[in-house]
1. Going through region 265-294 one residue at a time, which ones are within 21 Å of ASP131 (Cα to Cα) and within 16 Å of the ligand (Cβ to nearest atom)?
2. Looking at region 225-259 only, could you name the residues that are within 11 Å of the ligand (Cβ to nearest atom), hydrophobic (A, V, I, L, M, F, W, C) and within 17 Å of ASP280 (Cα to Cα)?
3. Taking the stated definitions as given, is ASP230 of a type in the set (D, E, K, R) and closer than 28 Å to SER158 by Cα?
4. Just need a number here: residues in region 164-197 that are surrounded by 15 or more Cβ atoms within 10 Å (Cβ to Cβ), under 23 Å from ILE238 (Cβ atoms) and either of a type in the set (Asp, Glu) or in contact with a His (Cβ under 9 Å, 6 or more places away or on another chain) (or both).
5. Kindly provide the set of residues from region 47-76 that are part of a loop (DSSP other than H, G, I, E, B), in contact (Cβ under 8 Å) with a residue 12 or more places away in the chain and within 20 Å of GLU92 (Cβ to Cβ), ordered by number.
6. ILE208 fails exactly one of the following numbered conditions: (1) of a type in the set (A, V, I, L, M); (2) over 30 Å from HIS81 (Cα atoms); (3) without any contact (Cβ under 8 Å) to a residue 60 or more places away in the chain. What is the number of that condition?
7. Six or more apart or on different chains, Cβ atoms under 8 Å: show the pairs whose first residue is in region 3-20 and under 20 Å from PRO54 (Cβ atoms) and whose second is assigned to a helix (DSSP H, G or I) and among the acidic types (Asp, Glu).
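The values are calculated or read from the model by the stated rules, or taken from the named source; none is laboratory data. Quantities reported herein were computed from a predicted structural model and do not represent experimental measurements. Note that we place each Cβ from the backbone using ideal geometry, even for glycine, and neighbour counts take in every protein chain shown.
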Amino acid sequence: MKTSILYSEIKTQFGKKFNFLKDKPEETVDSTLKACWQCASGNPMSAEEAIKHPLPALNDKQLKQLYSLLEKRLKNVPLAHIVGRQNFLGIEFLSDKRALIPRKETEILGKKAVELSFELAKNRDSLRVMDICCGSGNLGLSVAHLNPKVQLFASDLSEEAVELAKDNTNVLQLGPRSVILAGDLFSAFDNNEYWESVDLVICNPPYISSAKVTKMDEEISGHEPVLAFDGGMFGFKIIQNVIEKAPTYLRKGGWLIFEVGSGQGEFIMKMCERTEKYEDVTPITDEIGNIRVIAARKNQKE
Ligand SMILES: C[S@@+](CC[C@H](N)C(=O)[O-])C[C@H]1O[C@@H](n2cnc3c(N)ncnc32)[C@H](O)[C@@H]1O
């Protein structure tokens, strides 16, 4: 059967049955079908990437495989886990159960981190960047991939996430410019080789309150690690620690940049200001004006 006719038939059969989550706006009926189609053909790619590619013809075995992938999706297995890929800032990352699936909203943080890395790298040969709570490595590895002056030091409490981040490092061939270790926040780098030497600390911490974590959609709670979401009773526990500890690692004038939940921004900006360790605390908003990222510059004078 002609590929376009087969595609229309499958779209009619499955199209209305998918459940889409708000925080994955790149997933539509077409991008889901196309990502599964490419994966069944033996060329796995993310939803965002698949939408740009023509569909190859499928043989009988591949067609059977396509149906099996679509059935999985109907059971609310995340698309990124089915195809094993998620796109972040235009870069294809491996994605599986070992870590959070990078979200589109985190690209606000990613883009600002890349921009800051270029600003800080002016007149410099190299730049030290830390990605704390690195998960699959999407933030730090994107910055290192896009800015060749970056030396990356990343860590996560989850050994499994660190393994996935290392796999992504290998795919992107960033091994020589990356150190990825397991540890609680900065602990893997807690020695004088790192103190007051880092230009940019990036962090997308868990920031959902423990009570809300128990009410997350099954597609999330059944497939992604709870450690990636739970920010304690009010959601601030991890970020408060990061704000307090980052100045030990940042050089004077270096930046801490991190994501916050909608509605948390004002409170967390005050938290940064109260430490008196940062001289410039800047909010970055999404397209509807919510503060979703905070950039805080370590004091240049002690
Ligand atoms: C919201 S996810 C962010 C993952 C990735 N950076 C991203 O943007 O998609 C938070 C990450 O923090 C890690 N984490 C939770 N508590 C931690 C801690 N105390 N120290 C280090 N990492 C922690 C989780 O394992 C998870 O990978």
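1. ILE268, ILE284, ARG292, VAL293, ILE294
2. Once the filter is applied, which keeps residues that are within 11 Å of the ligand (Cβ to nearest atom), hydrophobic (A, V, I, L, M, F, W, C) and within 17 Å of ASP280 (Cα to Cα), region 225-259 yields VAL242, PHE258.
3. It is true that ASP230 is of a type in the set (D, E, K, R) and closer than 28 Å to SER158 by Cα.
4. Summing the residues that are surrounded by 15 or more Cβ atoms within 10 Å (Cβ to Cβ), under 23 Å from ILE238 (Cβ atoms) and either of a type in the set (Asp, Glu) or in contact with a His (Cβ under 9 Å, 6 or more places away or on another chain) (or both) in region 164-197 gives 1.
5. ILE51, HIS53, LEU55, PRO56
6. Only one criterion in (1) of a type in the set (A, V, I, L, M); (2) over 30 Å from HIS81 (Cα atoms); (3) without any contact (Cβ under 8 Å) to a residue 60 or more places away in the chain is unmet by ILE208, namely (2).
7. Final answer for the pair search is LYS11/ASP30.
Residue-wise test of (1) within 15 Å of the ligand (Cβ to nearest atom); (2) outside the structural domain of ALA246 (by TED's automatic domain parsing); (3) over 24 Å from VAL281 (Cα atoms).
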residue: LEU55; (1), (2), (3): no, yes, yes
residue: LEU120; (1), (2), (3): no, no, no
residue: VAL129; (1), (2), (3): yes, no, no
residue: HIS145; (1), (2), (3): yes, no, yes
